[in-house]
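The values are calculated or read from the model by the stated rules, or taken from the named source; none is laboratory data. In this text, all values refer to a predicted model and were calculated from it rather than measured experimentally. Positions of Cβ are backbone-derived with ideal geometry, glycine not excepted, and every protein chain shown enters the neighbour counts.
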Amino acid sequence: MKFSLGAHLIFVSSVEASKAFYRDILGFELVEENPHFTEYTLPGGRLYVEEKNPSRAKGFDSVHIGGPTGVVLAVENIRAIVEELRSKGVQVIIEPVEQVWGGWNAVIADSDGNEFILDEDHA
């Protein structure tokens, strides 16, 4: 058996409105879109952003919007990144904080409250 990580899926209230965050602010490359779904690429992976869609197959029609996503975005100069994002209206949930292993983390959120960890590691 062999697995690879295909993408991470985030649910939002409006795919159209979410483009302002994912494409315009974070700078992710929009590579596919339809009325309920967008796909972005960024170094190291893909992100799917999808609206609640009642026409999805049973078992895939119940979604959670907002809260921790488990997505960690690697950055350099976390303090500068947080300030730049804040100046663009991004909600900063947790300010940059040094972790016990020596790296730094912060948490930001999109307009639906989906939270992303920013991670700056120091080797």
Can we say residue 13 is within 13 Å of the chain's Cα centre (by Cα), hydroxyl-bearing (Ser, Thr, Tyr) and surrounded by 11 or more Cβ atoms within 10 Å (Cβ to Cβ)? no
Condition first: touching a Lys or Arg at 6+ places or on another chain (Cβ under 9 Å) and either of a type in the set (Phe, Trp, Tyr) or assigned to a helix (DSSP H, G or I) (or both). Now tell me which residues in region 22-38 satisfy that. 24, 25
What number of residues within region 68-87 are farther than 22 Å from residue 6 by Cβ and out of contact with any helix residue (DSSP H, G or I) (no Cβ under 8 Å at 6 or more places or on another chain)? 11
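Here is a yes/no grid of residues against (1) part of a loop (DSSP other than H, G, I, E, B); (2) among the β-branched types (Val, Ile, Thr); (3) surrounded by 14 or more Cβ atoms within 10 Å (Cβ to Cβ):
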site: 17; (1), (2), (3): no, no, no
site: 55; (1), (2), (3): yes, no, no
site: 61; (1), (2), (3): yes, no, no
site: 65; (1), (2), (3): yes, yes, yes
site: 72; (1), (2), (3): no, yes, no
site: 80; (1), (2), (3): no, no, no
site: 97; (1), (2), (3): no, yes, no
Might you check whether a residue that is under 20 Å from residue 17 (Cα atoms) and without any contact (Cβ under 8 Å) to a residue 12 or more places away in the chain occurs anywhere in region 40-62? yes
Within region 82-95, residues free of Cβ contacts under 8 Å to residues at least 24 places away in the same chain and either in the same structural domain as residue 50 (by TED's automatic domain parsing) or assigned to a helix (DSSP H, G or I) (or both) come out as 83, 84, 86, 87
From 37, 3, 28, which residue is out of contact with any strand residue (DSSP E or B) (no Cβ under 7 Å at 6 or more places or on another chain) and either surrounded by 11 or more Cβ atoms within 10 Å (Cβ to Cβ) or over 22 Å from residue 113 (Cβ atoms) (or both)? 3
Out of the residues in region 99-123 meeting the condition of being surrounded by 17 or more Cβ atoms within 10 Å (Cβ to Cβ) and not in a strand (DSSP E or B), tell me which one is nearest to the chain's Cα centre (by Cα). 110
